[in-house]
Amino acid sequence: MNFSELNLHPGLLRGIEDRGYTELTPVQEQTLSHTLQGGDAAVQSQTGTGKTAAFLITIFEKLLRDDSSRGKKALIIVPTRELAVQIEGEARLLGRHLKFTIGCIYGGVGYAGQLAALRKGAGIIIGTPGRLIDLHERGSLKLKEIGLLVIDEADRLFDMGFLPDLKILLRNMAPRTDRQSMLFSATLNRISRNIANEHLNDPAFIELTPEQLTVDTITQKLYRVKSHIKPNLLLGILQRLKPRNALIFTNMRHSASRLSKKLELNGFRCRHLSGDLPQSQRLRIIDDFMAGKFSYLVATDVAARGLHIDDLEMVINYDLPQDIENYVHRVGRTARAGNSGQAVSFVCEKFGKHLEAIESFIGMAIPVETAGTDLFATDNGLEYEIRERRRRRSETAGSPRGRTPRHEHRPDRSRRPDSRPR
């Protein structure tokens with residue numbers, strides 16, 4: 001089914017065409033068949049299936065044409081700031097020919113811009129629970145005005161401990177019969193279903209997760225490799241395959257930083273992304289990567305969900321994830337909206353123990369490829385790293401913590417601290 005068959009508002013349809021969307025994905029077709037008629041929906045769908053466009057199209061169309069939604073606002077509740085920014089970007093693209101003010105509300109940054117958007121009468125608000133509650137308590141966000149509600153990545157909201165915050169927000173909104181609500185989740189587990197049954201109005205439950213959790217258009221493969229030569233294999237793969245862009249996952253923040261530096265020393269344009277970076281810096285890195293200012297991003301699982309990158313060619317699990325569900329979320333960054341992509345995983349002695357659980361979870365054995373010696377490249381940054389390690393050891397040895405100066409006398413332990421001279 002094509003979008004042109006939905007009889008959408010002309011300005012919205014122009015935005016959809018500008019995005020290059022023509023045919024509806026299964027999640028879009030099944031969701032929109034309910035939501036465009038005013039019904040609530042609880043949707044189980046994996047990332048990369050077009051769910052964001054499904055709820056944004058519903059929001060735009062209802063705010064534009066539904067008399068019962070006039071004067072009301074739409075609220076999209078998400079678990080992370082990164083996801084809020086991604087949805088904001090998609091909303092601006094789809095609504096580029098429409099006159100809507102969009103507010104993006106999240107913590108870790110100042111209030112000025114967010115308050116300004118609310119004062120301008122933002123019709124669509126995207127936000128994380130903590131900052132939304134904060135602005136509601138300040139009187140800046142009127143939750144009773146919400147006529148359209150989306151709870152996105154509900155399972156992750158619950159995993160991150162936002163269930164109490166979500167319930168606070170829901171209690172302060174209009175009754176469920178006075179608004180249209182949608183819930184999206186990778187799994188419609190017990191908590192998700194309870195929230196849908198309690199706070200949505202007779203929702204349609206739409207379950208689209210296939211038996212095989214990973215997208216068919218992702219070419220998956222793995223290499224068994226020792227930890228100390230993983231950098232050489234990574235460099236060889238990048239040099240041979242020359243992907244236009246790649247997202248490379250590590251399990252630890254310091255590994256992401258070190259690996260990013262190593263790639264730079266070997267001539268690859270690269271940055272790293274982890275949760276310890278300031279929010280403003282993280283957003284700038286994501287924006288630059290999406291704009292193609294550099295080709296390779298090394299990241300922890302902070303980028304495993306909610307990061308939408310058009311035409312991402314390759315995902316590399318430099319470290320196999322310890323959380324089996326994160327394998328699906330990581331590789332789901334590529335092959336989005338019908339595109340194809342590659343997912344390469346390294347199985348080493350440190351993280352290889354998670355492979356069996358991952359393959360059981362996704363319902364398939366990931367094809368194994370043998371890396372010949374010609375696939376391992378020389379690490380030109382190794383000499384730099386050796387010099388850095390020597391420098392750090394030298395600094396440590398020269399510091400007061402590293403050694404005891406020769407002139408320093410040992411304390412006289414013959415007298416107790418509380419003894420007095422006679």
Just to be sure before I move on: is Ser345 modelled with pLDDT of 75 or more and assigned to a strand (DSSP E or B) in the structure I sent?
yes
In the set Ile237, Ile195, Ile191, the lone residue that is β-branched (Val, Ile, Thr), assigned to a helix (DSSP H, G or I) and more than 27 Å from Gln28 (Cα to Cα) is Ile237
Which ones in segment 71-116 are at pLDDT below 90, in a helix (DSSP H, G or I) and β-branched (Val, Ile, Thr)?
Val85
Tell me, please, whether a residue that is assigned to a helix (DSSP H, G or I), under 23 Å from Gln86 (Cα atoms) and touching a Ser or Thr at 6+ places or on another chain (Cβ under 8 Å) can be found in segment 132-150.
no
Any residue at all in segment 57-66 that's assigned by TED's automatic domain parsing to the domain that holds Asp159 and at pLDDT below 90?
yes
Residues satisfying the stated conditions in segment 8-20, i.e. in contact (Cβ under 8 Å) with a residue 40 or more places away in the chain, within 24 Å of the chain's Cα centre (by Cα) and assigned to a loop (DSSP other than H, G, I, E, B)
Arg19
Residue list for segment 261-295, filter: in a helix (DSSP H, G or I), under 19 Å from the mean Cα position of the chain (by Cα) and touching a residue at least 12 places away in the same chain (Cβ under 8 Å):
Gln279, Ser280, Arg282, Leu283, Ile285, Ile286, Asp288, Phe289, Met290
In the set Gln180, Gln86, the lone residue that is buried (at least 20 other Cβ atoms within 10 Å of the Cβ) and touching a strand residue (DSSP E or B) at 6+ places or on another chain (Cβ under 6 Å) is Gln180
Within segment 353-367, count every residue that is in contact (Cβ under 8 Å) with a residue 40 or more places away in the chain and either among the small types (Gly, Ala, Ser) or touching a strand residue (DSSP E or B) at 6+ places or on another chain (Cβ under 6 Å) (or both).
4
Would you check if there is a residue in segment 13-21 being out of contact with any helix residue (DSSP H, G or I) (no Cβ under 9 Å at 6 or more places or on another chain), closer than 22 Å to Arg176 by Cβ and small (Gly, Ala, Ser)?
no
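The values are calculated or read from the model by the stated rules, or taken from the named source; none is laboratory data. Because the structure is predicted, anything quoted here is derived from the model rather than measured. Cβ: placed from backbone, ideal geometry, glycine included. Neighbour counts: every protein chain shown.
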